[in-house]
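I have placed the structure first, in the form of C-alpha coordinates, so that the comments after it can refer back to it.
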Amino acid sequence: MPNSILDPDLETASPAAIRHLEDERLRVQIAYNAATSAYYRDKLAAAGVRPDTIRGVEDLARIPYMEKTEIAASQQDGTLIGINQCAALERIVRIQATGGTTGQPMRLGLTRRDAEDYADMGARALWAMGCRPGDVVLECMNYNLYSGGMSDTTTFERLGAATIPYGVGHSERLVEMMAAIKSDVALWATPSYAVRLAEVATSLGHDPRDIGLRKGFFSGEAGMQVPGFRERIEALWGMRAQDQYGTGELGLHSGECEMRHGLHYGGIGSAIIELIDPDTGAVLPFGDGQQGEAVYTSIWREASPLMRMRSHDICQVFTEPCACGRTSFRLKVLGRSDDMFIVKGVNIFPQSIQAVILKLAPSLTGEYQVVLDRPPPIDYPVPIRVEVAADVPAERHDALRAEIAHRLKQALNFTPAITLEPAGTFATGLKVKRVVRSFRS
Ligand SMILES: [Zn+2]
(Lines give C-alpha, C1' and ligand atoms only; values in the text may rest on other atoms or scores of the structure.)
Protein backbone atom coordinates (compact mmCIF):
# COMPACT_ATOMS: atom_id res chain seq x y z
CA MET A 1 0.00 0.00 0.00
CA PRO A 2 2.55 2.62 -1.08
CA ASN A 3 -0.12 5.30 -1.21
CA SER A 4 -1.43 4.85 2.29
CA ILE A 5 1.60 6.37 4.03
CA LEU A 6 2.51 9.98 3.30
CA ASP A 7 6.23 9.78 4.09
CA PRO A 8 7.23 6.10 3.94
CA ASP A 9 10.96 6.82 4.46
CA LEU A 10 10.29 8.36 7.85
CA GLU A 11 7.12 6.52 8.88
CA THR A 12 8.38 3.00 8.19
CA ALA A 13 11.99 3.56 9.30
CA SER A 14 13.52 0.87 11.51
CA PRO A 15 13.76 1.55 15.25
CA ALA A 16 17.56 1.71 14.89
CA ALA A 17 17.33 4.32 12.14
CA ILE A 18 14.88 6.38 14.20
CA ARG A 19 17.15 6.22 17.24
CA HIS A 20 20.12 7.29 15.13
CA LEU A 21 18.18 10.30 13.84
CA GLU A 22 17.05 11.19 17.36
CA ASP A 23 20.54 10.92 18.83
CA GLU A 24 22.01 13.10 16.11
CA ARG A 25 19.35 15.79 16.32
CA LEU A 26 19.29 15.78 20.14
CA ARG A 27 23.05 16.51 20.27
CA VAL A 28 22.65 19.44 17.90
CA GLN A 29 19.55 20.76 19.67
CA ILE A 30 21.00 20.70 23.19
CA ALA A 31 24.15 22.47 22.01
CA TYR A 32 21.96 25.06 20.25
CA ASN A 33 19.73 25.56 23.31
CA ALA A 34 22.74 26.16 25.54
CA ALA A 35 24.37 28.49 23.03
CA THR A 36 21.28 30.64 22.46
CA SER A 37 19.38 30.71 25.77
CA ALA A 38 20.69 31.74 29.17
CA TYR A 39 17.78 29.88 30.74
CA TYR A 40 18.80 26.57 29.19
CA ARG A 41 22.48 27.23 29.76
CA ASP A 42 21.84 27.88 33.47
CA LYS A 43 19.49 24.91 33.80
CA LEU A 44 22.12 22.54 32.45
CA ALA A 45 24.89 24.14 34.50
CA ALA A 46 22.85 23.91 37.72
CA ALA A 47 22.47 20.18 37.12
CA GLY A 48 26.18 19.83 36.37
CA VAL A 49 25.55 18.85 32.75
CA ARG A 50 27.95 20.02 30.06
CA PRO A 51 25.98 20.26 26.79
CA ASP A 52 28.67 18.37 24.84
CA THR A 53 28.26 15.37 27.13
CA ILE A 54 24.70 14.80 25.88
CA ARG A 55 25.45 12.25 23.18
CA GLY A 56 22.01 10.80 22.63
CA VAL A 57 18.65 9.72 23.98
CA GLU A 58 20.24 7.66 26.76
CA ASP A 59 21.62 10.86 28.29
CA LEU A 60 18.25 12.65 28.39
CA ALA A 61 17.54 11.64 31.98
CA ARG A 62 20.47 13.77 33.17
CA ILE A 63 18.67 16.94 32.06
CA PRO A 64 16.27 18.53 34.59
CA TYR A 65 12.57 18.88 33.75
CA MET A 66 10.97 22.16 32.80
CA GLU A 67 7.42 23.27 33.47
CA LYS A 68 5.19 25.27 31.17
CA THR A 69 4.59 27.57 34.13
CA GLU A 70 8.26 28.65 34.01
CA ILE A 71 7.74 29.97 30.49
CA ALA A 72 4.40 31.55 31.36
CA ALA A 73 5.90 33.28 34.41
CA SER A 74 8.72 34.73 32.31
CA GLN A 75 6.13 36.40 30.05
CA GLN A 76 4.33 38.10 32.93
CA ASP A 77 6.48 41.22 32.60
CA GLY A 78 5.57 41.60 28.94
CA THR A 79 8.46 39.62 27.47
CA LEU A 80 7.12 38.45 24.12
CA ILE A 81 8.28 34.82 23.93
CA GLY A 82 9.87 34.21 27.32
CA ILE A 83 12.83 32.35 28.70
CA ASN A 84 13.06 29.53 26.18
CA GLN A 85 13.36 31.84 23.15
CA CYS A 86 16.35 30.63 21.17
CA ALA A 87 15.95 32.46 17.84
CA ALA A 88 16.05 36.22 17.25
CA LEU A 89 12.74 37.91 16.52
CA GLU A 90 13.94 38.64 12.98
CA ARG A 91 13.80 34.89 12.29
CA ILE A 92 10.38 34.31 13.89
CA VAL A 93 7.47 34.34 11.43
CA ARG A 94 4.53 33.28 13.62
CA ILE A 95 3.52 33.65 17.25
CA GLN A 96 0.86 31.43 18.79
CA ALA A 97 -0.44 30.93 22.27
CA THR A 98 -0.91 27.76 24.17
CA GLY A 99 -2.28 27.11 27.62
CA GLY A 100 -4.91 24.45 27.19
CA THR A 101 -7.55 24.77 29.82
CA THR A 102 -5.51 26.22 32.65
CA GLY A 103 -3.78 29.47 33.36
CA GLN A 104 -2.77 32.37 31.19
CA PRO A 105 -2.14 31.85 27.48
CA MET A 106 1.58 31.30 26.94
CA ARG A 107 3.19 32.69 23.79
CA LEU A 108 5.58 30.71 21.62
CA GLY A 109 7.38 31.51 18.40
CA LEU A 110 7.92 29.62 15.17
CA THR A 111 10.68 30.28 12.66
CA ARG A 112 10.07 29.45 9.02
CA ARG A 113 11.67 26.03 9.51
CA ASP A 114 9.61 25.43 12.69
CA ALA A 115 6.42 26.29 10.80
CA GLU A 116 7.34 23.93 7.96
CA ASP A 117 8.10 21.12 10.37
CA TYR A 118 4.77 21.74 12.12
CA ALA A 119 2.97 21.42 8.78
CA ASP A 120 4.88 18.25 7.76
CA MET A 121 4.23 16.56 11.09
CA GLY A 122 0.52 17.40 11.05
CA ALA A 123 0.13 16.31 7.43
CA ARG A 124 1.53 12.86 8.26
CA ALA A 125 -0.89 12.50 11.20
CA LEU A 126 -3.90 13.65 9.18
CA TRP A 127 -2.99 11.36 6.29
CA ALA A 128 -2.88 8.40 8.70
CA MET A 129 -6.37 9.48 9.84
CA GLY A 130 -7.70 9.23 6.30
CA CYS A 131 -7.52 12.85 5.16
CA ARG A 132 -6.67 13.18 1.46
CA PRO A 133 -6.33 15.81 -1.25
CA GLY A 134 -9.87 16.44 -2.44
CA ASP A 135 -11.30 16.60 1.07
CA VAL A 136 -13.07 19.83 1.97
CA VAL A 137 -12.40 20.45 5.65
CA LEU A 138 -14.42 22.86 7.78
CA GLU A 139 -11.92 23.96 10.38
CA CYS A 140 -13.82 24.70 13.54
CA MET A 141 -11.03 25.15 16.04
CA ASN A 142 -10.22 28.40 17.77
CA TYR A 143 -8.23 30.75 15.52
CA ASN A 144 -7.94 33.28 18.30
CA LEU A 145 -4.25 32.88 19.24
CA TYR A 146 -4.23 29.09 19.34
CA SER A 147 -2.32 26.69 17.13
CA GLY A 148 -5.48 24.62 16.57
CA GLY A 149 -6.57 27.35 14.16
CA MET A 150 -4.00 28.95 11.89
CA SER A 151 -1.12 26.49 12.32
CA ASP A 152 -3.37 23.48 11.86
CA THR A 153 -4.72 25.02 8.65
CA THR A 154 -1.16 24.87 7.30
CA THR A 155 -1.03 21.13 7.99
CA PHE A 156 -4.17 20.51 5.95
CA GLU A 157 -2.73 22.69 3.17
CA ARG A 158 0.55 20.79 3.29
CA LEU A 159 -1.37 17.55 2.85
CA GLY A 160 -3.32 19.05 -0.02
CA ALA A 161 -6.82 19.17 1.46
CA ALA A 162 -8.97 22.26 1.00
CA THR A 163 -9.78 23.98 4.29
CA ILE A 164 -12.63 26.34 5.03
CA PRO A 165 -11.26 28.26 8.02
CA TYR A 166 -14.41 28.79 10.08
CA GLY A 167 -13.36 29.07 13.72
CA VAL A 168 -15.67 28.62 16.70
CA GLY A 169 -19.21 29.81 17.28
CA HIS A 170 -21.93 30.79 14.79
CA SER A 171 -23.04 27.16 14.81
CA GLU A 172 -26.39 27.74 13.11
CA ARG A 173 -24.79 29.54 10.19
CA LEU A 174 -22.23 26.74 9.94
CA VAL A 175 -24.92 24.05 9.75
CA GLU A 176 -26.79 25.98 7.06
CA MET A 177 -23.59 26.41 5.07
CA MET A 178 -22.74 22.69 5.29
CA ALA A 179 -26.29 21.79 4.29
CA ALA A 180 -26.09 24.15 1.31
CA ILE A 181 -22.89 22.53 -0.03
CA LYS A 182 -23.86 19.63 -2.26
CA SER A 183 -20.53 17.76 -2.07
CA ASP A 184 -19.32 15.87 1.00
CA VAL A 185 -17.43 17.81 3.64
CA ALA A 186 -15.14 16.98 6.58
CA LEU A 187 -14.80 18.54 10.02
CA TRP A 188 -11.79 19.50 12.16
CA ALA A 189 -13.11 20.18 15.66
CA THR A 190 -13.34 18.95 19.22
CA PRO A 191 -15.47 15.80 19.46
CA SER A 192 -17.90 17.44 21.88
CA TYR A 193 -18.53 20.13 19.28
CA ALA A 194 -19.57 17.49 16.73
CA VAL A 195 -22.26 16.35 19.16
CA ARG A 196 -23.36 19.94 19.80
CA LEU A 197 -23.48 20.64 16.07
CA ALA A 198 -25.77 17.65 15.53
CA GLU A 199 -28.15 19.12 18.12
CA VAL A 200 -28.08 22.46 16.32
CA ALA A 201 -28.74 20.74 12.98
CA THR A 202 -31.71 18.87 14.43
CA SER A 203 -33.12 22.02 16.01
CA LEU A 204 -32.95 23.69 12.58
CA GLY A 205 -34.99 20.84 11.09
CA HIS A 206 -32.12 18.96 9.43
CA ASP A 207 -31.35 15.28 9.75
CA PRO A 208 -27.58 15.49 10.39
CA ARG A 209 -27.03 12.37 8.26
CA ASP A 210 -28.37 14.23 5.21
CA ILE A 211 -25.81 17.01 5.52
CA GLY A 212 -22.95 15.09 3.90
CA LEU A 213 -20.45 15.40 6.74
CA ARG A 214 -18.59 12.16 6.08
CA LYS A 215 -15.18 12.53 7.75
CA GLY A 216 -14.45 13.87 11.20
CA PHE A 217 -10.93 14.67 12.39
CA PHE A 218 -11.09 15.31 16.11
CA SER A 219 -8.69 16.71 18.66
CA GLY A 220 -8.44 18.75 21.82
CA GLU A 221 -10.21 16.31 24.13
CA ALA A 222 -9.59 12.71 25.13
CA GLY A 223 -13.28 11.86 24.62
CA MET A 224 -12.80 9.84 21.43
CA GLN A 225 -11.21 7.02 23.39
CA VAL A 226 -14.22 6.79 25.73
CA PRO A 227 -16.22 3.67 24.89
CA GLY A 228 -19.35 4.63 22.98
CA PHE A 229 -18.45 8.24 22.21
CA ARG A 230 -16.94 7.69 18.77
CA GLU A 231 -19.77 5.35 17.81
CA ARG A 232 -22.27 8.00 18.86
CA ILE A 233 -20.66 10.70 16.72
CA GLU A 234 -20.39 8.36 13.73
CA ALA A 235 -24.07 7.37 14.07
CA LEU A 236 -25.25 10.97 14.52
CA TRP A 237 -23.66 12.15 11.28
CA GLY A 238 -23.13 8.99 9.26
CA MET A 239 -19.41 9.84 9.29
CA ARG A 240 -16.08 8.19 9.96
CA ALA A 241 -14.51 9.80 13.03
CA GLN A 242 -10.75 9.64 13.68
CA ASP A 243 -8.78 10.80 16.68
CA GLN A 244 -5.80 13.13 16.84
CA TYR A 245 -3.58 14.35 19.65
CA GLY A 246 -1.37 17.35 19.73
CA THR A 247 -0.12 20.04 22.05
CA GLY A 248 0.20 23.73 21.44
CA GLU A 249 3.92 23.66 22.17
CA LEU A 250 4.68 20.78 19.82
CA GLY A 251 1.93 20.91 17.22
CA LEU A 252 -0.60 18.59 15.70
CA HIS A 253 1.50 15.47 15.96
CA SER A 254 -0.24 12.13 16.34
CA GLY A 255 -3.15 10.53 14.52
CA GLU A 256 -4.76 7.12 14.54
CA CYS A 257 -4.56 4.93 11.46
CA GLU A 258 -7.32 2.69 10.15
CA MET A 259 -6.44 0.03 12.76
CA ARG A 260 -7.66 2.38 15.52
CA HIS A 261 -5.35 0.98 18.14
CA GLY A 262 -3.85 4.12 19.55
CA LEU A 263 -2.48 7.19 17.76
CA HIS A 264 0.75 6.89 15.81
CA TYR A 265 3.31 9.25 17.23
CA GLY A 266 3.99 11.62 14.36
CA GLY A 267 6.73 13.69 15.92
CA ILE A 268 9.53 11.34 14.89
CA GLY A 269 12.52 13.55 14.14
CA SER A 270 10.82 16.59 15.70
CA ALA A 271 10.56 15.73 19.37
CA ILE A 272 11.25 12.86 21.74
CA ILE A 273 8.61 11.64 24.17
CA GLU A 274 9.55 10.05 27.48
CA LEU A 275 7.14 8.61 30.03
CA ILE A 276 7.63 9.43 33.69
CA ASP A 277 5.93 8.72 36.98
CA PRO A 278 3.95 11.95 37.61
CA ASP A 279 4.47 11.75 41.37
CA THR A 280 8.15 10.84 41.65
CA GLY A 281 9.48 12.08 38.28
CA ALA A 282 11.21 8.73 37.67
CA VAL A 283 11.62 7.76 34.00
CA LEU A 284 9.53 4.69 33.14
CA PRO A 285 10.56 1.91 30.73
CA PHE A 286 9.02 2.57 27.31
CA GLY A 287 7.40 -0.85 26.84
CA ASP A 288 4.13 -1.99 25.29
CA GLY A 289 1.19 -0.92 27.47
CA GLN A 290 3.23 1.40 29.71
CA GLN A 291 1.37 4.36 31.23
CA GLY A 292 2.92 7.59 32.44
CA GLU A 293 3.12 11.34 32.06
CA ALA A 294 4.50 12.41 28.67
CA VAL A 295 7.61 14.61 28.72
CA TYR A 296 8.69 16.38 25.52
CA THR A 297 12.09 17.34 24.21
CA SER A 298 12.34 19.20 20.90
CA ILE A 299 15.05 18.02 18.55
CA TRP A 300 14.19 20.15 15.51
CA ARG A 301 13.03 23.50 16.86
CA GLU A 302 14.60 26.93 16.52
CA ALA A 303 12.36 29.54 18.15
CA SER A 304 10.81 27.97 21.28
CA PRO A 305 12.34 24.53 21.78
CA LEU A 306 11.27 22.39 24.73
CA MET A 307 13.79 20.60 26.87
CA ARG A 308 12.16 17.86 28.93
CA MET A 309 8.93 19.78 29.37
CA ARG A 310 6.35 18.04 31.53
CA SER A 311 3.00 17.85 29.73
CA HIS A 312 0.91 16.61 32.66
CA ASP A 313 -0.88 14.42 30.12
CA ILE A 314 -1.06 10.79 31.19
CA CYS A 315 -0.52 8.54 28.16
CA GLN A 316 -0.34 4.83 27.47
CA VAL A 317 2.00 3.64 24.71
CA PHE A 318 1.86 0.63 22.40
CA THR A 319 5.08 -0.52 20.83
CA GLU A 320 4.04 -3.75 19.08
CA PRO A 321 4.13 -3.48 15.25
CA CYS A 322 1.00 -2.05 13.62
CA ALA A 323 -0.63 -3.75 10.63
CA CYS A 324 -0.68 -0.44 8.71
CA GLY A 325 3.10 -0.61 8.29
CA ARG A 326 4.02 2.49 10.28
CA THR A 327 6.83 1.77 12.73
CA SER A 328 6.20 4.62 15.16
CA PHE A 329 4.82 3.70 18.57
CA ARG A 330 1.17 4.46 19.24
CA LEU A 331 -0.28 6.29 22.20
CA LYS A 332 -3.57 6.82 23.96
CA VAL A 333 -4.18 9.86 26.11
CA LEU A 334 -5.79 8.76 29.37
CA GLY A 335 -6.29 12.26 30.72
CA ARG A 336 -4.66 15.26 32.31
CA SER A 337 -2.89 14.48 35.55
CA ASP A 338 -4.49 17.65 36.93
CA ASP A 339 -7.95 16.47 35.75
CA MET A 340 -7.46 13.27 37.68
CA PHE A 341 -8.83 13.20 41.21
CA ILE A 342 -8.60 10.59 43.91
CA VAL A 343 -11.53 9.16 45.83
CA LYS A 344 -10.74 6.57 48.49
CA GLY A 345 -7.35 5.86 46.95
CA VAL A 346 -8.67 5.28 43.42
CA ASN A 347 -7.59 7.51 40.50
CA ILE A 348 -10.65 8.81 38.67
CA PHE A 349 -10.23 10.23 35.17
CA PRO A 350 -13.11 12.30 33.79
CA GLN A 351 -13.35 9.98 30.79
CA SER A 352 -14.65 7.16 32.98
CA ILE A 353 -17.45 9.47 34.16
CA GLN A 354 -18.17 10.35 30.56
CA ALA A 355 -18.53 6.67 29.62
CA VAL A 356 -21.29 6.32 32.24
CA ILE A 357 -23.08 9.49 31.17
CA LEU A 358 -22.98 8.52 27.49
CA LYS A 359 -25.00 5.40 28.25
CA LEU A 360 -27.91 7.66 29.22
CA ALA A 361 -28.14 9.29 25.78
CA PRO A 362 -30.35 10.69 24.36
CA SER A 363 -31.69 11.95 27.72
CA LEU A 364 -28.24 13.40 28.41
CA THR A 365 -26.09 15.20 25.83
CA GLY A 366 -22.89 13.55 27.12
CA GLU A 367 -21.44 16.84 28.42
CA TYR A 368 -20.56 17.29 32.08
CA GLN A 369 -18.23 19.01 34.48
CA VAL A 370 -16.88 17.95 37.87
CA VAL A 371 -16.64 20.81 40.37
CA LEU A 372 -14.41 20.01 43.33
CA ASP A 373 -15.44 22.71 45.80
CA ARG A 374 -13.32 21.60 48.75
CA PRO A 375 -9.67 20.53 48.93
CA PRO A 376 -8.77 16.85 49.19
CA PRO A 377 -9.34 14.37 50.68
CA ILE A 378 -12.56 13.96 48.71
CA ASP A 379 -14.71 12.43 51.42
CA TYR A 380 -17.82 14.31 50.29
CA PRO A 381 -20.33 13.66 47.47
CA VAL A 382 -18.54 14.79 44.30
CA PRO A 383 -20.47 17.64 42.63
CA ILE A 384 -21.03 16.88 38.93
CA ARG A 385 -22.93 19.18 36.58
CA VAL A 386 -24.51 17.18 33.77
CA GLU A 387 -26.17 18.53 30.62
CA VAL A 388 -29.72 17.26 30.09
CA ALA A 389 -31.32 17.14 26.64
CA ALA A 390 -33.81 19.91 25.91
CA ASP A 391 -36.70 17.52 25.27
CA VAL A 392 -36.59 15.84 28.70
CA PRO A 393 -39.54 17.25 30.70
CA ALA A 394 -38.72 18.86 34.07
CA GLU A 395 -40.82 16.31 35.98
CA ARG A 396 -38.38 13.58 34.86
CA HIS A 397 -35.32 15.42 36.16
CA ASP A 398 -35.38 14.00 39.71
CA ALA A 399 -35.52 10.43 38.48
CA LEU A 400 -32.77 11.11 35.93
CA ARG A 401 -30.52 12.64 38.60
CA ALA A 402 -31.01 9.56 40.78
CA GLU A 403 -30.27 7.27 37.83
CA ILE A 404 -27.00 9.04 37.01
CA ALA A 405 -25.90 8.93 40.66
CA HIS A 406 -26.76 5.25 40.91
CA ARG A 407 -24.85 4.32 37.76
CA LEU A 408 -21.76 6.32 38.72
CA LYS A 409 -21.74 4.71 42.15
CA GLN A 410 -22.04 1.27 40.54
CA ALA A 411 -19.31 1.85 37.96
CA LEU A 412 -16.79 3.97 39.86
CA ASN A 413 -17.58 3.40 43.53
CA PHE A 414 -17.99 7.01 44.62
CA THR A 415 -21.04 9.06 45.56
CA PRO A 416 -21.75 12.00 43.26
CA ALA A 417 -23.98 15.05 43.84
CA ILE A 418 -25.64 15.60 40.48
CA THR A 419 -27.09 18.86 39.18
CA LEU A 420 -28.66 19.08 35.73
CA GLU A 421 -27.78 21.89 33.32
CA PRO A 422 -29.39 22.88 30.01
CA ALA A 423 -27.94 21.46 26.76
CA GLY A 424 -25.22 23.73 25.38
CA THR A 425 -23.87 24.82 28.78
CA PHE A 426 -20.43 23.29 28.23
CA ALA A 427 -19.89 22.41 24.57
CA THR A 428 -19.24 25.71 22.87
CA GLY A 429 -16.50 24.60 20.47
CA LEU A 430 -13.75 25.50 22.92
CA LYS A 431 -12.12 22.82 25.04
CA VAL A 432 -14.37 21.76 27.87
CA LYS A 433 -12.69 21.85 31.25
CA ARG A 434 -13.84 18.60 32.81
CA VAL A 435 -12.59 19.07 36.35
CA VAL A 436 -12.77 22.46 38.06
CA ARG A 437 -11.18 22.95 41.45
CA SER A 438 -13.34 25.85 42.59
CA PHE A 439 -11.82 25.87 46.08
CA ARG A 440 -8.63 27.30 44.56
CA SER A 441 -10.23 30.51 43.32
ZN1 LIG B 1 -1.13 1.82 12.24
Residues being acidic (Asp, Glu) and under 21 Å from Asp152 (Cβ atoms) - total across region 173-196: 1
Exactly one of these conditions fails for Pro376: (1) out of contact with any Cys (no Cβ under 7 Å at 6 or more places or on another chain); (2) modelled with pLDDT of 95 or more; (3) away from the ligand (no atom under 16 Å from the Cβ); (4) part of a loop (DSSP other than H, G, I, E, B). Give me its number. (2)
Sole exception among (1) surrounded by fewer than 20 Cβ atoms within 10 Å (Cβ to Cβ); (2) touching a helix residue (DSSP H, G or I) at 6+ places or on another chain (Cβ under 8 Å); (3) assigned to a strand (DSSP E or B); (4) of a type in the set (A, V, I, L, M) for Val386, by number: (1)
Filter region 106-123 down to the residues that are under 16 Å from the mean Cα position of the chain (by Cα) and open to solvent by 10 Å² or more (accessible area, probe 1.4 Å) and list them by number. none
Of the residues that sit in region 256-267 and are more than 19 Å from Ala115 (Cβ to Cβ) and open to solvent by less than 20 Å² (accessible area, probe 1.4 Å), which one is farthest from the ligand (Cβ to nearest atom)? Tyr265
List, please: which pairs have Cβ atoms under 6 Å, are six or more places apart or on different chains, and start with a residue in region 321-338 that is touching a residue at least 60 places away in the same chain (Cβ under 8 Å) and end with one that is near the ligand (Cβ under 10 Å from one of its atoms) and open to solvent by 50 Å² or more (accessible area, probe 1.4 Å)? Cys322/Met259; Ala323/Met259; Cys324/Met259
Take region 200-234 and flag every residue that is more than 22 Å from Ser352 (Cβ to Cβ) and open to solvent by 50 Å² or more (accessible area, probe 1.4 Å). Thr202, Ser203, Leu204, Gly205, His206, Asp207, Arg209, Asp210, Arg214, Lys215
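Per-residue answers, yes or no, for (1) free of Cβ contacts under 8 Å to residues at least 60 places away in the same chain; (2) open to solvent by 20 Å² or more (accessible area, probe 1.4 Å); (3) more than 23 Å from the chain's Cα centre (by Cα):
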position	(1), (2), (3)
Lys43	no, yes, yes
Asp52	yes, yes, yes
Ser74	yes, yes, yes
Gly78	yes, yes, yes
Asn84	no, no, no
Arg94	yes, yes, no
Please specify each residue of region 337-355 satisfying the condition of being over 22 Å from the mean Cα position of the chain (by Cα) and either of a type outside the set (A, V, I, L, M, F, W, C) or crowded, with 20+ Cβ neighbours inside 10 Å (or both). Lys344, Gly345
Filter pass, Leu159 being closer than 22 Å to Gly325 by Cα, within 16 Å of the ligand (Cβ to nearest atom) and aliphatic (A, V, I, L, M): no
State whether the residues of region 146-153 include one that is in contact (Cβ under 8 Å) with a residue 40 or more places away in the chain and in contact with a helix residue (DSSP H, G or I) (Cβ under 7 Å, 6 or more places away or on another chain). yes
Given (1) of a type in the set (Val, Ile, Thr); (2) in contact with a Ser or Thr (Cβ under 6 Å, 6 or more places away or on another chain); (3) surrounded by 17 or more Cβ atoms within 10 Å (Cβ to Cβ), identify the lone condition not met by Thr12. (3)
Considering only region 280-292, I want to know if a residue exists there that is under 25 Å from Arg113 (Cα atoms) and touching a residue at least 24 places away in the same chain (Cβ under 8 Å). no
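The values are calculated or read from the model by the stated rules, or taken from the named source; none is laboratory data. Treat the numbers as computed from the prediction; the structure is a model and nothing was measured. Because the Cβ atoms are built from the backbone with ideal geometry, glycine has one as well, and the counts that use them run over all protein chains shown. Only protein heavy atoms, including side chains, enter the accessible area calculation; ligands, DNA and RNA are left aside. Shrake-Rupley method; radii C 1.70, N 1.55, O 1.52, S 1.80 Å.
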